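Trainee: Have a look at the structure that comes next, please.
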Amino acid sequence: MSNLEVRKFDWDFEGIPFIWNPEQPRFSVLMNQITFVIISFERYITKAMREAEARITDDEVKLEARLFGQQEGVHAAAHTKHARALIAQYPGLQTILDKCQESYDAQFEAESLEYHLAYAGSMEAIFTPFFKMVLDHREILFEGGDERLSSMLLWHFCEEIEHRSSALMVYDDVVGSYWYRFRNAGPMRKHVRALFEMSIEEFKKHVPDVPHDVYEGNPFASVPRPATLRSAVGVLASQAPWHDPAHQPLPDYYDEWIGKYTGGEDVMRLYGQPAMTAGAAAAASAVGDAR
Ligand SMILES: [Fe+2]
Ligand SMILES: [Fe+2]
């Protein structure tokens, strides 16, 4: 039996500032990059899982693929709401969504199902050590942020932990070859990196009220170095043939979040500061500047 649950929420990010955590501007930008790139990435996975179902022989794996694809579809919809709220303020940002979608559509056309599943397997394996570091340091990274987005990201990253084994499970059932995945890992990482770099360039063009130095530096500069190093080592190890996400160290927060969700807490307002609005944030900083 799969342990995945598809949880749907009606997110609303209207008026959210581009820098949604004033204490962590570079991290805010990274999460915005994730929003714009991940929408088409997760839709691509959802499509690949649908196509894979016909090729999966094991019923358990088939169910896993279905629920995994659905979770990613729901994540993409949540990030679309965030992207729409930013596009309403900076219409030029639509370019990023269009470019990412074009890129993933072209890849879906040009490459085989084997490639799509290897792509999902390699990328999703990276997420567990990466999001563990993020969730472990939620106080530093999310506490000062707009509670709507902080809570959405915490939900999303917990579900990434929940379905950490799904993509590899499907890959192993349908394709199985480690070497095929390994051979293609370089170009896959290059593809994602190019989209992330493109998104920064587009932010610079279309978000006039954010100084360009916000895009410089390390988004995790406030996270203790041993934790970021551990995460980096975990990311490298996640690509090894013997890697099994099921045996990864997990963030305690996953169980905590599930406990709050099943206990009926409002997980849409779980973490961070009362909803901020871009106009109010700008006015507050203008008052601060005038003093
Ligand atoms: Fe996701
Ligand atoms: Fe995922």
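Trainee: With the requirement that a residue be farther than 16 Å from PHE196 by Cβ, open to solvent by less than 50 Å² (accessible area, probe 1.4 Å) and among the polar types (S, T, N, Q), what does the range 87-121 give you?
Mentor: Selection gives SER112 alone.
Trainee: Please report, ordered by residue number, the helices (runs of 4 or more DSSP H) entirely within the range 1-115 with at least 2 residues that are closer than 18 Å to LYS205 by Cα and within 16 Å of ligand 1 (Cβ to nearest atom).
Mentor: Passing ranges, in order: 25-53.
Trainee: Can you find even one residue in the range 137-152 that is within 16 Å of ligand 2 (Cβ to nearest atom) and either in contact (Cβ under 8 Å) with a residue 12 or more places away in the chain or touching a strand residue (DSSP E or B) at 6+ places or on another chain (Cβ under 7 Å) (or both)?
Mentor: Scanning the range 137-152 turns up at least one residue that is within 16 Å of ligand 2 (Cβ to nearest atom) and either in contact (Cβ under 8 Å) with a residue 12 or more places away in the chain or touching a strand residue (DSSP E or B) at 6+ places or on another chain (Cβ under 7 Å) (or both).
Trainee: Return the total of residues in the range 159-187 being within 15 Å of ligand 2 (Cβ to nearest atom), assigned to a helix (DSSP H, G or I) and either among the hydroxyl-bearing types (Ser, Thr, Tyr) or crowded, with 24+ Cβ neighbours inside 10 Å (or both).
Mentor: Result for the range 159-187: 4.
Trainee: Taking the range 40-68 as the region of interest, how many residues are more than 14 Å from ligand 2 (Cβ to nearest atom) and farther than 25 Å from ALA106 by Cα?
Mentor: 7
Trainee: If you check every pair at least six apart or on different chains, which have Cβ atoms under 6 Å apart with a residue in the range 76-90 that is farther than 14 Å from LEU149 by Cα first and a residue that is hydrophobic (A, V, I, L, M, F, W, C) and more than 11 Å from ligand 1 (Cβ to nearest atom) second?
Mentor: Between residues of the range 76-90 that are farther than 14 Å from LEU149 by Cα and residues that are hydrophobic (A, V, I, L, M, F, W, C) and more than 11 Å from ligand 1 (Cβ to nearest atom), the close pairs are ILE87/LEU93; GLN89/ALA278; TYR90/VAL207.
Trainee: Here's another thing I want to ask about it. For the range 210-267, give me each residue that is surrounded by fewer than 17 Cβ atoms within 10 Å (Cβ to Cβ), closer than 14 Å to GLU124 by Cα and small (Gly, Ala, Ser).
Mentor: ALA237, ALA240, ALA246
The values are calculated or read from the model by the stated rules, or taken from the named source; none is laboratory data. These numbers were taken from a predicted model, which means no experiment stands behind them. Positions of Cβ are backbone-derived with ideal geometry, glycine not excepted, and every protein chain shown enters the neighbour counts. The protein model used for the area step is the full one, side chains on, heavy atoms only, and it has no ligands, DNA or RNA in it. Shrake-Rupley method; radii C 1.70, N 1.55, O 1.52, S 1.80 Å.
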